[in-house]
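Okay, so here's the structure we're looking at.
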Amino acid sequence: MALLLLANLAFWGYTRGHLAWLGVAPAPTGEPQRLAQQVAPEALTVLNAPRLSAPGGTVETLPPEAADVAAVAESTPQVGPSPSEDAAVNTGLQAPSSAQPNAPTACWQLGGLTDSQTVLLRGTLSNLPELAGRWTIEAGVLPARWIVYLGKFADEAALQRRRAELRQAGIDQREVNVPALRPGLALGTYSSDEAAERALAELRRRGVANARVVQERDETRLYTLRLPAVTEAQRRQIESFGVLGARPLQRCP
């Protein structure tokens, strides 16, 4: 028991440095020695450092996860909008695109379009956002037409011989373009059957034989495409679709 007490007393004296005169003492652990043992202290970063004081005088401290995010955000360079983009945002306008400068525009149109052409044209133009509000399709009616007709002739030579006779008699005529009536001649064009019958009676009095009244064209609904303000590039683009056939757009009157 005495030995145990003596051993404890010796250990206490050793830890307190009372045996230093005997050359026995623990390694010093004071503040200067601790600082000397630090390795690259400037590389250390305190992530959950205290923030600004909140109302009431308390100090807000971020949790470790939030502190990590904040540290990364602070070390990442922030890219803001350019002055022109920032001005566009502040004014509610879109920043202008420099891809295509403003080009001059002109009015173009094309009439005589059929129902099927119009359906294809509407579908094509509706898929072009840059042409939104820049085109219209107007409907119209092509009235029926009657003619005083001579034909069909046996061949082109027979048609030309009859034309020469009519010219010599002073009677106007033209070749018919309707496939079902070719080769044939029209001796007059009229908007009603009654007007054509009256003209036929007059021609018979003048010695024209074998003529009769036929309807050259039924009443037809046709459409006109109108482009009030498009650029030259847009005009060429529309014509390239092939919806208009081989007919080019025409300048508006």
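Brief remarks follow.
- For Arg217, the amide hydrogen comes within under 5 Å of the amide hydrogens of Arg145, counting only partners 5 or more places away or on other chains and with H modelled in the peptide plane.
- All-pairs alpha carbon distance profile, segment 145-217, 10 Å steps from 0, percent: 21, 56, 22, 0
- A Förster distance of 51 Å, applied to the separation of the beta-carbon atoms of Thr105 and Gln215, puts the FRET efficiency at 0.75.
- 14 Å beta-carbon shell around Ile137, net charge (K/R +1, D/E -1): +2
- Loop GluC sites (Glu not before Pro), segment 145-253, which have at most 14 other Cβ atoms in a 10 Å radius of their Cβ (DSSP): Glu219
- Charge sum, other residues only, whose C-beta stays under 15 Å from Pro104's C-beta, Lys/Arg counted +1 and Asp/Glu -1: +3
We did not get these values from a lab; they are worked out from the coordinates using the rules stated. This is a predicted model, so every value here is computed, not measured. Cβ: placed from backbone, ideal geometry, glycine included. Neighbour counts: every protein chain shown.
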